[in-house]
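Asker: Provided herewith is a single structure, encoded as structure tokens, for subsequent inquiry.
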Amino acid sequence: MDLGLKNRVAFVAAASTGLGRAVAGRLAAEGATLAICARSRQTLEAAAEEIRASTGATVSVVTCDVTHEADVRRAIDETAERFGRLDILITNAGGPPSGGFAQFADGLEPYRKALELNLLSTVSLTQAAVPHMRRNGWGRVVAVTSLSAKQPSTSLLLSSIARAGVLAFTKVLATELAREGITVNSVCPGFTLTERLSELAEAEAGRNGIEMEAVYEQWRRDIPAKRIADPAEFADVVAFLASERASYVTGVALAIDGGIIKSLY
Ligand code: NAD
């Protein structure tokens, strides 16, 4: 299937490592032109060089902290100006600290930070990108969230509340933008092998006084597919949602989770 991504211009946020990096690589392999952002130029340059070498795609790098509204606007506008258009936005960021109410029973600061990192960054990236999509009457927004968006977790309280907000935001936006040829969807990754997952495993091991490998073992037992995902499996699904072929899919929150989410929708 030709995804119809050749010559499309995509902005992939938080793309120096992990899920964002995998999505950037997939979009580039399908012929898209890319801008990738993260906070550190050095790791971004290394990721961009790898992607260029393996795909031949044009990849520009923009340093940007997605929690800084002005940074986000500059990064998106610079990208649209450099390539003359912006068709695809993948919103993404790091994850907030793990833990439940026991860890976050005192004070609002961790909550504020999590909302800034995972909810408000999605809003500001989208606010900056949608006007460029409107100009061409075509656009794709795919928001990276988490299984915790659909299945709130006692070990991921901060993530759970911020991601639920993203699902609501993307659903409202999907409804408003559908008539303009712009689709807006969310993806909810399950356990996927990245640095973030090893950080979560380490924290979980520390909380329970067990080895990290025992945490991975427990996760594998709980996942119906009985294994942790490869980031490439996540990226393939995101590339489809960002593609011409997904033109009639909007407002969904799609789990890419090996079956671990127990809810119907
Ligand atoms: P990761 O920690 O491996 O990579 C995160 C990326 O975000 C890095 O490139 C980092 O430089 C960048 N980043 C972090 N904060 C940023 C900021 N303020 N501004 C710009 N860039 C920033 O994480 P990942 O596993 O790739 O996860 C991506 C998202 O998906 C996270 O929000 C994570 O919580 C969520 N998620 C991951 C999993 C998983 O199993 N990996 C599962 C569910 C949800």
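Since every read-out is calculated from the coordinates, none of them should be taken as a lab result. Source: prediction; values computed, not measured. Quick reminder, even Gly has a Cβ in these numbers, built from the backbone with ideal geometry, and neighbours come from all protein chains shown.
Asker: Determine the sum of side-chain charges near Thr58: Lys and Arg each +1, Asp and Glu each -1, restricted to other residues whose C-beta is under 15 angstrom from that of Thr58.
Answerer: Spelling it out: positives minus negatives among the neighbours equals -2.
Asker: In whole Hz and in residue order, list the ³J(HN,Hα) couplings for segment 83-90 that follow from phi through the Karplus curve 6.51 cos²θ - 1.76 cosθ + 1.60, θ = phi - 60°; x for Gly and Pro.
Answerer: Residue by residue, segment 83-90 yields 9, x, 5, 9, 9, 10, 10, 10 Hz.
Asker: Which pairs in the list Lys171/Lys226; Lys113/Lys226; Lys150/Lys171; Lys6/Lys150; Lys113/Lys262; Lys6/Lys262 are over 25 Å apart, alpha-carbon to alpha-carbon?
Answerer: Long pairs (Cα-Cα over 25 Å): Lys171/Lys226; Lys113/Lys226; Lys6/Lys150; Lys113/Lys262; Lys6/Lys262.
Asker: Could I ask something else about it? Taking 0.36 nm per residue of separation and subtracting the Cα-Cα distance, what length does fully extending Gln42 through Glu217 add?
Answerer: Between Gln42 and Glu217, full extension yields an extra 59.6 nm.
Asker: Non-local amide H neighbours of Ala35 (under 5 Å, H modeled in plane, Pro and chain starts lacking H): which ones?
Answerer: The list, which skips near neighbours in sequence, is Ala10, Phe11, Val12, Ser60.
Asker: Now for a separate question. Quick one: net charge around Met133, please, counting Lys, Arg +1 and Asp, Glu -1 for every other residue with C-beta under 10 Å from its C-beta.
Answerer: Counting the neighbours of Met133, the net charge comes to +2.
Asker: Apply the Karplus parameterisation 6.51 cos²θ - 1.76 cosθ + 1.60, with θ equal to phi minus 60°, to every residue of segment 104-112 and state each ³J(HN,Hα) to the nearest whole Hz, in sequence, with x for glycine and proline.
Answerer: 10, 8, 10, x, 9, 4, x, 5, 4
Asker: Based on other C-beta atoms within 10 Å, arrange Arg85, Arg140 from fewest to most.
Answerer: The most exposed by this proxy come first: Arg85, Arg140.
Asker: Can you give the FRET efficiency to the nearest 0.05 for Asp106 and Gln127, using r as the Cβ-Cβ distance and R₀ = 30 Å?
Answerer: That gives a FRET efficiency of 0.40.
Asker: Note down the nm distance, to one decimal, between modelled labels 7 Å out along Cα→Cβ at Ala178 and at Arg134.
Answerer: About 2.0 nm separates the two model spin labels.
Asker: Suppose R0 equals 51 Å. What FRET efficiency, 1/(1 + (r/R0)^6) with r the Cβ-Cβ distance, do Arg207 and Asn7 give to the nearest 0.05?
Answerer: Working from the Cβ atoms, E equals 0.60.
Asker: Based only on other Cβ atoms within 10 Å, what is the fewest-to-most ordering of Thr194, Thr17, Thr43?
Answerer: Thr43, Thr17, Thr194
Asker: With θ taken as phi - 60° and the coefficients 6.51, -1.76 and 1.60, list the Karplus ³J(HN,Hα) couplings across segment 232-241 in order, rounded to whole Hz; mark glycine and proline as x.
Answerer: 5, 5, 5, 4, 4, 6, 5, 4, 4, 4
Asker: What residues qualify as long-range amide H neighbours of Thr192, i.e. H under 5 Å apart, gap of 5 or more or another chain, H built at 1.01 Å from N?
Answerer: Ala229
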